[in-house]
Amino acid sequence: MISVRSLVDRNRAAAVWGGALLAVLLLSLVVFLFVGSRQTEVVLFFPNYANHRLSGEERFVPRHAALSQGIETAVNELILGPEQLRHDRALARETRVRALFAKGHTAFIDLSAGILFPAESVSVSFEESLQAIRRTVLFNFPSIKHVVITIEGEEPQSEVSANN
């Protein structure tokens, strides 16, 4: 025969464990609602397949505290290329961000020479590739008013790339 005391002890343990589980669930819900996601949405500008005009594509990327890290993430996503079939690549796959920093209202972006040698998958001119970078940065980071782009540390003097 089960005593009343053992029944109370068993129910107390279940109540304690159930209460602890409920507290953990509520705490995780509060943290989720108030801390938020570690991602942010950016709009990347790629040439449209039909008319080669730049159009936006939304993408979620990791959130960064530093402005320059956020800009670098957006530019690297632009280099990765579009997700939507209606867009073409804006930059050569071989393009790398060599250095990037923001000072005041200006972002300085130094790219590798890979941008000068796009494959056939890049259907826009060199200047249009640079415009895609500028538009992406200016749209997503309102504190930035000017974007200075250099290739291997030099400002491009010609609008002609090796393939265009």
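The values are calculated or read from the model by the stated rules, or taken from the named source; none is laboratory data. As the structure is a prediction and not an experimental result, all values here were calculated from the model. Heads up, the Cβs are rebuilt from the backbone with ideal geometry, glycines too, and the neighbour counts pull from every protein chain shown. Quick note on the areas: whole protein, heavy atoms, side chains included, nothing else; ligands and nucleic acids left out. Shrake-Rupley method; radii C 1.70, N 1.55, O 1.52, S 1.80 Å.
Some notes on this structure:
- Between the residues T95, A66, G153, the greatest Cα displacement towards the positive end of the dipole of the range 51-164, with unit charges on the Cβ of Lys, Arg, Asp and Glu, is found for A66.
- Within the accessible area of the chain (1.4 Å probe), percent carbon and sulfur: 59
- Degrees between helix 4-35 axis and first principal axis of the chain (Cα, 0 to 90, nearest 10): 20
- Considering only L85, L100, L33, the mean-square fluctuation computed in a Gaussian network model of the chain, springs between alpha carbons under 10 angstrom, is largest for L33.
- Here mean projected area of the Cα convex hull in nm² was calculated from the structure, and among (i) 15.3; (ii) 23.0; (iii) 10.5 it sits at label (i).
- With Cα atoms, 0 to 90° folded angle of helix 126-140 axis to the chain main axis: 30
- Between the amide H of R63 and those of Q39, T40, distances stay under 5 Å, these residues lying 5 or more places away or on another chain, with hydrogens modeled in the peptide plane.
- Here the Gaussian network model covers the chain, with springs between Cα atoms less than 10 Å apart; of S55, S129, S28, S28 fluctuates the most.
- In the chain, Cα pairs under 8 Å separated by at least six residues give a relative contact order of 18 percent.
- Between F32, F141, F46, the Gaussian network model of the chain with springs among Cα atoms under 10 angstrom shows the greatest mean-square fluctuation at F32.
- Only the Cβ atoms of Lys and Arg (+1) and of Asp and Glu (-1) were treated as charged; on that basis the dipole of the range 43-164 about its Cα centre amounts to roughly 400 debye.
- Folded to 0 to 90 degrees: helix 67-80 orientation relative to the chain principal axis, Cα: 70
- Accessible surface, per residue, of the range 26-164 when the full set of protein chains is kept, probe 1.4 Å, Å²: 59
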